[in-house]
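Only one structure is covered here, and it is reproduced in the block below.
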Amino acid sequence: MVTTDHFNTDIFGNFFNKFRIKGEYTRGLPDNVVKWNNVTVAMSMARNAEFGAGDPVGYMENFTYKVSEDMMKPEKFSTFTEHGAFTKNLVWDMMAIEGFACAYFNNLELNKPYKAGMFNGKIDLAGMGSFENKDVILTWTGITEWNGEYCAVIEFITMNNPLEYAGEGMSMKGRSHY
């Protein structure tokens, strides 16, 4: 299960809403394909409120692809409609997390932050703007078991990243915080 929370604020940092996007991500399928299922989007107008169950995102059911640079192209998301910015971000965040893990896992020590400088740089958001990674910090925080396999739990944080976006009836420039 992958869960991402987005807290939205105005230009002065005042909270106005938050979104939770979560879904089941399956990797290791034939031909190096990955797949999403049971993706939902939930919204709340209160910072401290619990999220509800969320609404299903139909176009993400059985959404499959090969993880590659092609997933930054607009045509890969031709079926994405409502909440498309958030669901695309879910795809891209998972690609980044797997990239971080592959590139840096041997450098991580339990509970010690590690600067992942190789991932710094500007990224095109499928023709809808850009995002710039700055100062990515990875921390191996523990181990869990999932479907009978041991898995590393890795936190990633990156702050004050320039973000430009135009889509779904809005355009914005701002900063992204993870």
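At pLDDT below 80 and surrounded by fewer than 16 Cβ atoms within 10 Å (Cβ to Cβ) - does that describe any residue in region 105-125? No - not one qualifying residue is present in region 105-125. Of all residues in region 35-69, which are closer than 18 Å to residue 16 by Cα and touching a strand residue (DSSP E or B) at 6+ places or on another chain (Cβ under 6 Å)? If the condition is that a residue be closer than 18 Å to residue 16 by Cα and touching a strand residue (DSSP E or B) at 6+ places or on another chain (Cβ under 6 Å), then 41, 42, 43, 44, 45, 47, 51, 52 are the ones that fit. For residue 161, the conditions (1) under 28 Å from residue 37 (Cα atoms); (2) in contact with a strand residue (DSSP E or B) (Cβ under 7 Å, 6 or more places away or on another chain); (3) modelled with pLDDT under 85 are fulfilled apart from (1). What number of residues within region 1-48 satisfy the criterion of being within 14 Å of the chain's Cα centre (by Cα) and in a loop (DSSP other than H, G, I, E, B)? The number of residues fulfilling the criteria is 1.
The values are calculated or read from the model by the stated rules, or taken from the named source; none is laboratory data. Everything numeric in this text was worked out from a predicted model, so none of it was measured. Here Cβ is always computed from backbone atoms with ideal geometry, including for glycine, and neighbour counts include all displayed protein chains.
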